[in-house]
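After the C-alpha cells below, expect a handful of questions from me.
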Amino acid sequence: MGHPGKFTIDSLQFARERGQRAGDVAVGHLRRLADVLADEEGSLAWKASGECDAAGKPFLVLEVSGELHLKCQRCLGALVFQLSIKSHLRLVAPGAAWPDEGLEEDSYDPIEALEEQPLLPLIEDEVLLALPIAPRHGSCALPGYLQDGRELSPFAALGRLKKQ
C-alpha cells in the first residue's frame with residue numbers, strides 16, 4: 001500500500017484496464033485541509049479503481065475513509081468526524097464534449113482525463129467536498145463562557161477585582 005502522491009496514473013488506460021491502487025495518506029499531507037483541522041493526527045485509507053459502464057464510458061472510483069479531527073466553529077475544540085466517501089468520477093477525454101447528463105446526473109461528477117493524473121489532489125478534493133460547512137459539536141459553550149452561562153472572560157475577572 002502506498003501514499004497516493006507516489007501514484008500518477010493514465011486515467012483512461014487505468015479505467016479501461018480496471019486498474020486498482022490502494023493505500024493510506026497521513027492527514028498532514030492534505031495541506032488544503034489545514035484551516036479546518038484541530039490537529040493533523042491520523043491517516044485516511046484510500047482506494048482508486050478504474051471501470052467502464054455498460055456503454056463503455058470510463059470512470060474512476062475513489063473511496064476514502066478514516067477519522068478527521070475538525071475544528072468546532074463554536075468552541076474551537078476538536079470535533080471527531082468519521083469520513084466515508086465513495087465517488088464516481090466520469091473521465092472526459094481532452095477535447096471531448098462534456099456530458100450534458102452530468103449536469104443533471106447526481107451519481108457522478110465529470111473530470112478531465114489526464115495521461116498523468118496524480119491521485120492525491122483528487123483524494124483531497126473529495127475529502128474537502130465531504131466536510132460539513134460549519135462543523136460544530138452537538139452542544140458546547142462559546143469561548144469565554146462556562147456551560148451554565150456564567151462569564152469566563154478576562155474582563156469579567158478584572159471587573160470583580162475592581163469591586164474589591
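Whole-Hz Karplus ³J(HN,Hα) for region 78-94, in order, using 6.51 cos²θ - 1.76 cosθ + 1.60 and θ = phi - 60°, x for Gly and Pro?
Result, ordered by residue: 6, 10, 6, 10, 7, 10, 8, 10, 9, 10, 9, 10, 6, 8, 10, 4, x Hz.
While we're on this one: At 0.890 mPa s and 25 °C, plugging the Kirkwood radius over alpha-carbon pairs of region 1-106 into Stokes-Einstein gives what diffusion coefficient in µm²/s? Show your work: numbers first, answer last.
Numbers: Rh = 15.7 Å.
Answer, rounded: 156 µm²/s.
Under 5 Å between amide hydrogens, which residues at least 5 positions from H137 or on another chain qualify, with H placed 1.01 Å from N in the peptide plane?
Sorted by chain and number, the residues that satisfy this are Q73, R74, C75.
Extending each Cα 7 Å along its Cβ direction at K47 and D100, get the distance between those two points in nm, one decimal.
Reported label-point gap for K47 and D100 is 3.6 nm.
Rounded to whole Å and sorted largest first, list the principal axis extents of the Cα atoms in region 50-99.
Rounded to whole Å, the extents work out to 49, 20, 13 Å.
Another question, then. Using Cα centres only, tell me the gap between region 105-126 and region 51-75 in whole Å.
10
Would you mind computing, in nm to one decimal, how far apart the modelled labels at D39 and V80 are, each placed 7 Å from Cα along Cα→Cβ?
The modelled label-to-label distance comes out at 1.2 nm.
What residues qualify as long-range amide H neighbours of G19, i.e. H under 5 Å apart, gap of 5 or more or another chain, H built at 1.01 Å from N?
For G19, whose amide H was placed from the backbone, the distant partners under 5 Å are G50.
None of the figures in this text is laboratory data; all of them are computed from the coordinates on show. Since the model is a prediction, treat every value here as computed from it, not as a measurement. So basically every Cβ, Gly included, is an ideal-geometry build from the backbone, and we count neighbours across all protein chains shown.
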